[in-house]
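Chemist: Handing you a structure now.
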Amino acid sequence: MYLRARPEKRIKIFDDLRKTAPLDFKLQTELVEDIFYISSTPEWCNKNYTRGAVYYNPFIPACSCDSFLIRHANYKKGDVRIICTHLYEFYRSRLRTDEMQLEILMSKVSLSNAEIIFSKCQLSGDDFLWIGYNLSSPWIHLIIKNDIWTEQLYNLKEKRWAYNLAPVSRAKLEEIIALNFKEAA
Ligand SMILES: [Zn+2]
């Protein structure tokens, strides 16, 4: 049993590596701000939910909390950056993970950084990645898809990946970063 199980495990590891093979990026020299909209919330959650004194509608999306109201005053309706903890918690816990995986991840990134700017970076074919940045912070958020959407963090000042864990497509990503972000002189 042990001898049989071991090669199977090896094959599985190899298979996983293949799935995260480096992507073929098409580089661009200038990042343009793009708005990421929450747009695929299912119809069934178009109603008011309450949590304590707070009420929210995840479909619109809207919430009565102060955090939402401040964010909503700064951004357009549906912009992911208006998402507060109440809406995020709803998406994270009530929706199927495959339903709004990118939206949930983008909400999470925005929640930790309300002034973040997003740019959609076209790759080869229909592939793309999202880059999130706030030029007062050295951290760049790269939202990339391998099997699922994941966030990778890169520090511009220290020229290193968060926890020193580099993604598989590291060289291409670093090329994009070098092209688009230059340290102020
Ligand atoms: Zn809220």
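Chemist: Quick check on my filter: what residues within segment 85-124 are within 25 Å of residue 139 (Cα to Cα), free of Cβ contacts under 8 Å to residues at least 60 places away in the same chain and assigned to a loop (DSSP other than H, G, I, E, B)?
Modeler: Correct list: 112, 113, 114, 115, 116.
Chemist: Additional query: When segment 62-78 is examined, which residues are found to be at pLDDT 95 or above and part of a loop (DSSP other than H, G, I, E, B)?
Modeler: 64, 65
Chemist: Can I ask one more? State the number of residues belonging to segment 34-74 that are touching a residue at least 40 places away in the same chain (Cβ under 8 Å) and either in contact with a Ser or Thr (Cβ under 6 Å, 6 or more places away or on another chain) or surrounded by 15 or more Cβ atoms within 10 Å (Cβ to Cβ) (or both).
Modeler: 7
Chemist: Quick one: residue 35 ticks every box in (1) assigned to a loop (DSSP other than H, G, I, E, B); (2) within 12 Å of the ligand (Cβ to nearest atom) bar one, so which box is it?
Modeler: Every condition holds for residue 35 apart from (2).
Chemist: Looking at 71, 92, 81, which one is basic (Lys, Arg), within 15 Å of the ligand (Cβ to nearest atom) and more than 23 Å from residue 32 (Cβ to Cβ)? Give the derivation first.
Modeler: Working: 71 fails: more than 23 Å from residue 32 (Cβ to Cβ); 81 fails: more than 23 Å from residue 32 (Cβ to Cβ).
Every option except 92 fails the conditions.
Each row is one residue, and each column tells you yes or no for (1) among the aromatic types (Phe, Trp, Tyr); (2) closer than 14 Å to residue 36 by Cα; (3) within 14 Å of the chain's Cα centre (by Cα).
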site	(1), (2), (3)
99	no, no, no
108	no, yes, yes
114	no, yes, yes
120	no, yes, yes
139	yes, no, yes
160	no, no, no
170	no, no, no
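Chemist: Restricting to segment 149-185, give me the number of residues that are part of a loop (DSSP other than H, G, I, E, B) and surrounded by 12 or more Cβ atoms within 10 Å (Cβ to Cβ).
Modeler: Of all residues in segment 149-185, those part of a loop (DSSP other than H, G, I, E, B) come to 156-159, 165-169, 181-185.
Cutting the leftovers down to surrounded by 12 or more Cβ atoms within 10 Å (Cβ to Cβ) gives us 156, 159, 166-169, 181.
Selection size over segment 149-185: 7.
Chemist: Looking for something among the aromatic types (Phe, Trp, Tyr), within 16 Å of the ligand (Cβ to nearest atom) and at negative phi - is there at least one such residue anywhere in segment 98-119?
Modeler: Keep residues of segment 98-119 that are among the aromatic types (Phe, Trp, Tyr), which gives 118.
After this cut, where a residue has to be within 16 Å of the ligand (Cβ to nearest atom) as well, the list is none.
There is no residue in segment 98-119 that is among the aromatic types (Phe, Trp, Tyr), within 16 Å of the ligand (Cβ to nearest atom) and at negative phi.
Chemist: Hey, another quick one. Give segment 44-56 a look and list any residue that's among the polar types (S, T, N, Q) and either touching a strand residue (DSSP E or B) at 6+ places or on another chain (Cβ under 6 Å) or closer than 17 Å to residue 104 by Cβ (or both), or say none.
Modeler: To start, the set of residues in segment 44-56 that are among the polar types (S, T, N, Q) comprises 46, 48, 50.
Listed by number, the list holds a single entry, 48.
Chemist: Given the criterion at pLDDT 95 or above, of a type in the set (Lys, Arg) and within 24 Å of residue 56 (Cβ to Cβ), identify the matching residue among 81, 96, 92.
Modeler: Details: 96 fails: at pLDDT 95 or above; 92 fails: at pLDDT 95 or above.
Going through 81, 96, 92 in turn, the sole match is 81.
The values are calculated or read from the model by the stated rules, or taken from the named source; none is laboratory data. Source: prediction; values computed, not measured. As a convention, Cβ positions derive from the backbone with ideal geometry for all residues, glycine included, and neighbour counts pool all protein chains shown.
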